[in-house]
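The values are calculated or read from the model by the stated rules, or taken from the named source; none is laboratory data. Predicted model only: the values in this text are computed from it and were never measured. Reconstructed Cβ throughout: ideal geometry from the backbone, glycine too, with neighbour counts over all protein chains shown. Ligands, DNA and RNA are excluded from the accessible area calculation, which covers all protein heavy atoms including side chains. Shrake-Rupley method; radii C 1.70, N 1.55, O 1.52, S 1.80 Å.
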Amino acid sequence: SRTERRVLDAYRDYDAGGLTRRELEAAVATIVTTANRRGAGIGDVALANILTRRRREAVEPLGIDRDEDRDQRRLQGSVATILAYEVEQHRTRLARMADAEPKDAVQAAFGQAMQRRGASGWRRDPEPDACDFCMKLYAGGATYPADAVMYRHPGCVCTQQPIFDD
């Protein structure tokens, strides 16, 4: 992803002596916070699109926001933790964070939008090649309450299908 590439570019600059550790922590946190903001917008728009198709009339996104200051602080701490690991693990862990964070932001915004729009619950929609664990969570269309957070493992692309009682 673009976020992953930008984070690894910043790490390369750090590794080459172009950035201090604090500068790297701030740069990576800013890159990922920006991607999280975009991800939240995508999650919000995705639910508006589902409702537009279902209702056959335009449904505008709600404008789901993230607490970017909180994200920035949390992510700087995450980068500091990653850098405490052995050097051989830095790139892999930074890349994993850069990949997972925006996906989690999409899912969180989708869930918030479902709740704010009055969904009664949701069903897991497993990807075509879903793992055994995701298929157990799907369990033939099991329903979850609207405020239940959908579990996602690294690499998971399963989605939520909202349930509205209208």
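Observations on the model:
- Checking each residue in region 84-137 for being among the hydroxyl-bearing types (Ser, Thr, Tyr) and within 20 Å of the chain's Cα centre (by Cα) picks out only Thr92.
- Cβ pairs under 8 Å, 6+ apart, first in region 43-58 and free of Cβ contacts under 8 Å to residues at least 60 places away in the same chain and over 18 Å from Cys158 (Cβ atoms), second buried (at least 18 other Cβ atoms within 10 Å of the Cβ) and of a type in the set (Ser, Thr, Tyr): none
- Selection over region 60-71 of residues that are closer than 16 Å to Asp104 by Cβ and surrounded by fewer than 17 Cβ atoms within 10 Å (Cβ to Cβ) gives a count of 4.
- Test for Thr159: is it without any contact (Cβ under 8 Å) to a residue 24 or more places away in the chain and either out of contact with any His (no Cβ under 9 Å at 6 or more places or on another chain) or of a type in the set (A, V, I, L, M) (or both): no
- The single condition from (1) more than 22 Å from Pro162 (Cβ to Cβ); (2) assigned to a helix (DSSP H, G or I); (3) more than 18 Å from the chain's Cα centre (by Cα) that Thr34 fails is (3).
- Among the residues of region 129-141, those identified as under 23 Å from Arg54 (Cα atoms) and modelled with pLDDT under 90 are Gly140, Gly141.
- Hits in region 1-34 - residues which are open to solvent by 10 Å² or more (accessible area, probe 1.4 Å) and touching a Pro at 6+ places or on another chain (Cβ under 8 Å): Ser1, Thr3
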